[in-house]
Structures are given as structure tokens and as C-alpha cells.
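The values are calculated or read from the model by the stated rules, or taken from the named source; none is laboratory data. Computed from a predicted structure; not experimentally measured. Positions of Cβ are generated from backbone atoms using ideal geometry, with glycine treated the same way; all protein chains shown enter the neighbour counts.
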Amino acid sequence: MKKYTNIDDIENVPEIIQEAIQLKANPFQFEDLGKHKTLIMLFFNSSLRTRISTEKAAKNLGMDVMVLNVNDAWNLEYEDGTVMSLDTAEHIKEASQVLSQYADIIAVRAFPDLKSKEKDESEFMLNSFIKHTTVPIVSMESATAHPLQALADAITIEELKTKKRPKVVMSWAPHPKALPQAVPNSFVTMMHEMDVHFCITHPKGYDLNPKITKDSTIIYNQEEALKDADFVYVKNWSSYEKYGKILSKDTNWMMTKEKLGNAKFMHCLPVRRNFVVEDAVLDSDQSVVIQGANNRTYSAQIVLKKILENL
Amino acid sequence: MKKYTNIDDIENVPEIIQEAIQLKANPFQFEDLGKHKTLIMLFFNSSLRTRISTEKAAKNLGMDVMVLNVNDAWNLEYEDGTVMSLDTAEHIKEASQVLSQYADIIAVRAFPDLKSKEKDESEFMLNSFIKHTTVPIVSMESATAHPLQALADAITIEELKTKKRPKVVMSWAPHPKALPQAVPNSFVTMMHEMDVHFCITHPKGYDLNPKITKDSTIIYNQEEALKDADFVYVKNWSSYEKYGKILSKDTNWMMTKEKLGNAKFMHCLPVRRNFVVEDAVLDSDQSVVIQGANNRTYSAQIVLKKILENL
Amino acid sequence: MKKYTNIDDIENVPEIIQEAIQLKANPFQFEDLGKHKTLIMLFFNSSLRTRISTEKAAKNLGMDVMVLNVNDAWNLEYEDGTVMSLDTAEHIKEASQVLSQYADIIAVRAFPDLKSKEKDESEFMLNSFIKHTTVPIVSMESATAHPLQALADAITIEELKTKKRPKVVMSWAPHPKALPQAVPNSFVTMMHEMDVHFCITHPKGYDLNPKITKDSTIIYNQEEALKDADFVYVKNWSSYEKYGKILSKDTNWMMTKEKLGNAKFMHCLPVRRNFVVEDAVLDSDQSVVIQGANNRTYSAQIVLKKILENL
């Protein structure tokens, strides 16, 4: 693997899931692989799970890890040809080439600002790093994708499925703040790579980028969509069409125990209780969010392992 | 040891002090014990000594350490049943269970806000972690206790005492800001476990929680209390009765060389010079604050060792 | 080496450069040297390169590293005899002695405030650490010097020179903000230790401290100074005479491809494109800024190695 910024960087999804599950059973098996190798983790946005799980994954492989909150340093310039007389003190060209001197792999988190669809879809921050670094890049969530999360979700489904082709429903939920489409985008993309019966349910106006959803089944009636689900993946996102806007906070879309039926409840966390999902779901055995969060370590670890093997 | 959030988590205080002193003589003796084990240190409040000494203690035992300033991530919700539509983005239930997936031990620092005695005494933050994590918790100072500090103080007294049963005086000092009672609370509790002649001196109105001071001798006349002291432990705290209030900044309570007599001067640091204690004390050989700070490493290390042995 | 806060802490400059180049060829050769040794890195100001390269250098030597952004903790007091009733919560005397308990080497970054020449030249922050710590101090840039940067620059020149005695020109550049003289000061001092033909060019009014420039050739005509240069070191600094002031933002002083001739372009980074230097320079093969940044690791590593060997 040469980088991991999108799911299509994975050559064979079912294979990598199996390898991740094996790694989870024996996390220190490859602790010599990362010896004398450094992972630099760059955060432009705050992080709890991603920070800790990715750092742990790297250390399990014997890597050294350096964490840098970029905002503690200074603002980076991304435009070519700018006269840098204002707020930006360093160009991404220098920053990324310099960091490449100190790191064997660079992981980057950079959220969208949800103001300009064009700008966010250009993935200018992530792509600037990809363009200018001379070492492999791992995305820890970018403007439009969160591939480490989706890989962890795939591992969780694989571990817990009780039939060959389970039904997986991604169900929109209300949220007080406008959130990115990165997590649902990557989840959809990942489901296309798995042997599942997949459908998406959300209020009208919340359709994701059709280039990502492709031929996914989209059902605007939540009850109908959830019928006989084995896994329900709940997530809020802001509108793609009316880009970054909150069109609805309709609490009827909150996930409840009743709606869930016998399905497993999944969520990438953090989750707002009793707004996105009611307590009764999270506090039940059907919730697998903690196991899902644990799998973040192994999704990161299998990715780092694949990249290290290719260095 | 299953956790360390209060001094009564220690089975045998004299024994643990002796073990800590032995550990100090050979800090790397057990560096295999923490191999493949992770300590997550969570800070809700700033820290210098606690951060560095606890991290060092864990690394001396071969542990991996991850430090997280929680305020860099987001606000946690502690109430049950809340509709999380406002400022809190994640419930302690999820946060602590998730962190338990990544850590073998979690250390937490969470100060009181000194506004509601009831709320602070409920130790809602620390107790939420204790309740919801599935790994051992170490307190790096909570609303009402600082047991790692008290254990370090006990080590310092044990190392430096020149008689079997030294006289130890805890003497209140003025301070420009309202400070918690956590340090004096734990110091008092620890002194009850040691073979010392102990008394407390402070202005009227500064009595600590009587459930903690129990039958401690309290003398409102500082001069009388300090007579023939072997160790003087100086510390400010805000009023317990008029909860969190500053009732006095009476500079006569500042510790001076004259008042100190031949005693050793102790303070948990940071200390405000010439307000809490005069330069002449801190700059003399009678001050053992630096040795005391060094013992923070070994109080943390013996605690982590005991917990690791019990995992 | 007992400390590294100024270039004259180096006994033999040409020798240390050669050793650094050897270390670069085999960075993990001495990874047992730092075993059980701790580097504490204290930042009073933000850092990207220095933070990452110094941490990497220490880890290459097998050291443990703890990074502390001091501003996350509390304000330190530097004055003797102060009644600490206001904003400062801890005196440098305690802070530095305490940190000495936890560290084998302490690295400090503390910029000048460029308001009082006298205060900045007193190096009160750095010198307070030197005075009160009981372990070796490494400067990661102080008010008036950046010796790790200058050593990295010396390594870069040594690696790239194609004649025995290359011509090195330090050329002032415009900048939107008032910057310290630390980098140019140390570069000048280092050039005096090397076998180079050295001159400085800057607009009138920008003369550096004459105690530092000593008998350096200073040419106010940039074109004349740059003639036949082998290395051009570009850097902005604020006025030394009219202390901390910006006297000129004359864009004619920006480095261009034309002015550079056949010389190698050096800059300590971060650099503001098209204000300090035009894109055409940075994007050409003549720019050696990335190689220079890489050498920051080896300047730090040779310094830490020398200090570790002397512990």
C-alpha cells in the first residue's frame, strides 16, 4: 500500500479485513516492523479516538510517534504563487517536504469548512500533502472521506455478522450542528466493497454526492428501510445539495430501540445521546459502538503495516 | 491494587512507602512489567509536575504513555438521560468505555470548580470514570483528593525523619486565589496512616471537612502549633464551610524562617514566593520541596507497579 | 559538552560537523547511549521543525522525550524577591530545579519580546534555566541565539560546498512582521568558525549587534555582495539599533533567481514565499532548504550525543 486516503487504496477489501482481525488477536506480532520508523500525526482539528487509536496502532508496530497540533504552530499557505504577506507563515510545499525528512509516514486530519462545496471537494489540504510529501500519507479524516473509520466499521460488521450477506442500513440522524459528509461517504464506499445487502435512509434533501452513492438503494421512509436490518449505522450529515446546511432536526429520525428491532447499532462516535440515538439503544447489548471504536486501532494498524511493508 | 483514587486504596501504607523507596534506588528494575501496556493520561486541568512525573513513572516501568488534554477535544456530558443538544459532544459513558479499549490504566486530573460543595464532593467527574471505565483508574488530583501527592509526601517524611515519631504540622498559608482542599485533605488522611505526631493550624473558618480531619489536633495559634515541629507542611486552601471562599489573606500566616525553627519545610508546589512562604525558607537547606517533587515520580511508579501486578 | 546554548559551547566546530555527517549516515548507531535518559523539551513559543527534529534526534539516541508547552501550565516568575501575588504561579527557581529531577537534559525555546534590548540581551529566561537547573540545558532558540539552527546550517554548507573556501553571503530580506535577530546572530557566529569567505548584506539601519558581527564584511549594496556567491543565506531580522523595529519592507531586497546566480539558496524556514524569496528560487534545484531542515535532526543529535557522553 502506497498511501491510505481513500478506500480504493485498498487492493482487496475482504483480505485486509481478515488480516486486521488476525492482527487484533495478536497485536504485537509485528512489533519489529516499525522499528526506527516514525509516524508524524498532524491535526488541524481536534481528535480523541483517532488520535489515541492511531498512535496505539503505530506503537503496536514498534513505530515512534510524534503528534503535532498544527494550530499550535502557525497557519499554512496552500495557494500557489501567493505573496505571503499576511496570516500564513509557511507554505504547504515547505511544511510537507520538511516533515517528510522527519517521518516515514505522515497521518493528517483536516476537516472541511462546509462553506464551499468546490473547495471541500478539491480536498486541497489533503491533496497538498499528497502532492508535496515524499513519504506515504494516511488520512485521519479529510474533507470528504474518513477511510480509517470505514475500515473499522467493515471489521466490526465482519466480526459480528451471523449470516453470509447481512442487511446493513445507514440511517441519517438529527444533530444540532452541521457535520461533514466524510463518514457517511466512506461508509457507503466501503459497503459497496462488501458482500452486504445495503441501503441508505434519510430525509429528502439529504442525498449524498451521487458519485459516491452510485446505485445504492435510497429509501426516504426510515421504517421501511430499517425492516429486517442486521446492522444499523446511524450518522448525521449536513446537506450535500444545499451544501453544509441543516435542513432538518426532525427528532423523529432519532434511532430508538423500537426502530432498531433486532439489529446491531453502530455509530462512529462521538454521539449525542437522546438526540441522535436514545439511551435505551446505547445502553443495550445491541449497541456495538465500543467494539467498533476498539477496531479503530486495528484498522489503523493494518494500514500502517501494509504501508511499512511497502517502504 | 485495583485503582488509586484515594489513600484507602493502599492496603498497607508503611509497606508501600518502603517499596517506593526501594524503587527510587533502582527505578528501572521492573521495566519489563509495563511492556505492551498503555497509560492514558487525561487532563481536564493544567499540570507540570504531575504530568511529567507520572509519565516518567510509567516509562520507567516500560509502559507506553499517551497524554490527552481533554479540552483540546470536546466537552463531555456527565448527566444521565440528558438530551445532548447543546455544548457537550460526547457522554462520559462512551468516552470512558472507548478509552478503556486503548488503555490498560487511565489517569485522570479533574479539579473542582469550588462553586457547589455538593457537586464537588460528589466527585462526579472522577466517579464517572471509575464507574464507566473497564480498566483501573489513577487520580492525578480530583475535586477533593490528591492521593499521589500525599504518597509522595509520606515518602519524603519517611526518608528524612530523624526520630521514630516526628512532629508534623500542616500550616495554612495565604494565597491570592481560591484553591481546592484536595491536597490538604489527602495529606491529613495520609498522616493518620503514619506514625507521626500530627497537628493542623489555620485561621478560624478554615476548618477542613470534619469527616476527613476526624480527631486531628487543630490549633488556631500558628506559633503554638509549630513548636518543636520536625516537618512543616505549608498549604493554602479555600474555606470548606463557606465553600470555596477566601476568608483571609492575612500575611501573618506566611511561613518564615523564624517560625520554621529547625523543621523541614514541605510544600506540594507550585508555590508563590513571599506570599505563601518567604524566600529565606525556600532558599535554605531546610526546604525539601525539590526532593518532595522528585518523590512524585516514585509515588506514581509504585502505584502503577501495584496496579500492573494486579492486571 | 556541558550545555549547548551558544556556539562557543562547541569545542571544535569542524570536528563536530564531521561527526554530525557521520551520524546522519548511521543515525541509530548510538541508540543505547540515551537509554533510561529523559529529554524534557520546554516550549514557551510555537515550533514545528525544532520540536520534531529535536524529538527525533533524542529518540534516535534512545532517549525518552517529554514535550511541555509551558503556556499550557502557568506563568513563571523570573525576578528575585518578588511577592508573587499576581499572575505568576511558580518561580523559575522551583520550576527548573523540579524539572531537573525528572530530566537528564532540558531543552528550552524562549523567544525575545523585542521590546527591551536590555531585557532580551540579558537572556533572562534562558539564563534563569541555566542558573537553576542541575542538568545540561540545550537552547532551541533563545532571545539572541539559535545555535542548533546555525550548526545545521554549517553541516549543510559542509555537505554541499564544491570548493575549499566557498563564498557565503547572508542577505537580509523584507518581512511583514518584526522578527528576532537570533538566527542571523548565530549564523554569523558560526561562519566565523568556518573556513569560508563570508559577508553580510542588508539595508542601512539593519546592522546586527557589532559584538557579534565583529570584523564581518558588511556591504549595503546587495548586488555587489552577492557577486560570485556559493551560498546565499536569506533571512529577515528587525533592527538592532532601533531595537525590534521594522525600518523597511523594501521588496527590492527579496531574493530572486536572477540575483542568486549560481549560488545555493539557504533559509532556516518557515519562509514567506514571494515576500522573502520568489517561488522560482524555492522551486529550483538551487534551493537546499529541505536538506537544511533535515540537518536540524543531526545538529540536535550530535549535540545531545556530546552531552550524553559527558553526563
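Any residue in the stretch B:35-62 that is farther than 27 Å from B:GLU77 by Cα sitting within a Cβ distance under 6 Å of a residue that is among the small types (Gly, Ala, Ser)? List the pairs, counting only those 6 or more apart or interchain.
What qualifies is B:LYS35/B:GLY62; B:ARG49/B:ALA293; B:SER53/B:ALA300; B:ALA57/B:ALA300; B:LEU61/B:GLY34; B:GLY62/B:GLY34.
B:THR162: over 18 Å from the mean Cα position of the chain (by Cα), of a type in the set (Ser, Thr, Tyr), surrounded by fewer than 16 Cβ atoms within 10 Å (Cβ to Cβ) and under 26 Å from B:ALA25 (Cα atoms), yes or no?
yes
To keep it simple, each residue is scored yes or no on (1) part of a helix (DSSP H, G or I); (2) within 12 Å of another protein chain (Cβ to nearest Cβ); (3) at pLDDT 95 or above; (4) in contact with a Ser or Thr (Cβ under 9 Å, 6 or more places away or on another chain).
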site	(1), (2), (3), (4)
C:GLU19	yes, no, yes, no
C:LEU33	no, no, yes, no
C:SER85	no, yes, no, no
C:THR88	no, yes, no, yes
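Might you check whether a residue that is among the hydrophobic types (A, V, I, L, M, F, W, C), buried (at least 19 other Cβ atoms within 10 Å of the Cβ) and out of contact with any Cys (no Cβ under 8 Å at 6 or more places or on another chain) occurs anywhere in the stretch B:208-219?
The answer is yes, given that some residue of the stretch B:208-219 is among the hydrophobic types (A, V, I, L, M, F, W, C), buried (at least 19 other Cβ atoms within 10 Å of the Cβ) and out of contact with any Cys (no Cβ under 8 Å at 6 or more places or on another chain).
Can you confirm whether B:ASP9 is of a type in the set (D, E, K, R), more than 11 Å from every other protein chain (Cβ to nearest Cβ) and crowded, with 17+ Cβ neighbours inside 10 Å?
Working: of a type in the set (D, E, K, R): yes; more than 11 Å from every other protein chain (Cβ to nearest Cβ): yes; crowded, with 17+ Cβ neighbours inside 10 Å: yes.
Here the answer is yes, as B:ASP9 does meet what is asked.
Yes or no, residue by residue, for (1) touching a Cys at 6+ places or on another chain (Cβ under 8 Å); (2) outside any strand (DSSP E or B); (3) under 19 Å from A:GLU123 (Cβ atoms):
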position: A:ILE16; (1), (2), (3): no, yes, no
position: A:THR50; (1), (2), (3): no, yes, yes
position: A:MET66; (1), (2), (3): no, no, no
position: A:ASP80; (1), (2), (3): no, yes, yes
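Filter the stretch B:108-145 down to residues that are of a type in the set (A, V, I, L, M), within 24 Å of A:VAL289 (Cβ to Cβ) and touching a strand residue (DSSP E or B) at 6+ places or on another chain (Cβ under 7 Å), then give me how many there are.
Final tally of qualifying residues: 5.
Report those strands (runs of 3 or more DSSP E) wholly inside the stretch C:205-311 carrying at least 1 residues which are touching a Phe, Trp or Tyr at 6+ places or on another chain (Cβ under 6 Å) and within 14 Å of another protein chain (Cβ to nearest Cβ).
Hits in the stretch C:205-311: C:264-266.
Matching residues to (1) at pLDDT below 95; (2) surrounded by fewer than 18 Cβ atoms within 10 Å (Cβ to Cβ); (3) touching a His at 6+ places or on another chain (Cβ under 9 Å); (4) over 23 Å from C:VAL138 (Cα atoms):
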site	(1), (2), (3), (4)
C:GLU241	no, yes, no, yes
C:LYS245	no, yes, no, yes
C:LEU260	no, no, no, yes
C:PHE265	no, no, no, yes
C:LEU269	no, no, no, no
C:ARG272	no, no, yes, yes
C:ASP285	no, yes, no, yes
C:ALA300	no, no, no, no
C:ILE307	no, no, no, no
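In the set B:LYS163, B:LYS167, B:LYS249, which member is in contact (Cβ under 8 Å) with a residue 60 or more places away in the chain, of a type in the set (Lys, Arg) and either under 22 Å from B:LEU48 (Cα atoms) or touching a strand residue (DSSP E or B) at 6+ places or on another chain (Cβ under 6 Å) (or both)?
Residue meeting the stated conditions: B:LYS167.
Which numbered condition trips up B:LEU76, out of (1) among the hydrophobic types (A, V, I, L, M, F, W, C); (2) at pLDDT 95 or above; (3) touching a helix residue (DSSP H, G or I) at 6+ places or on another chain (Cβ under 7 Å)?
(2)
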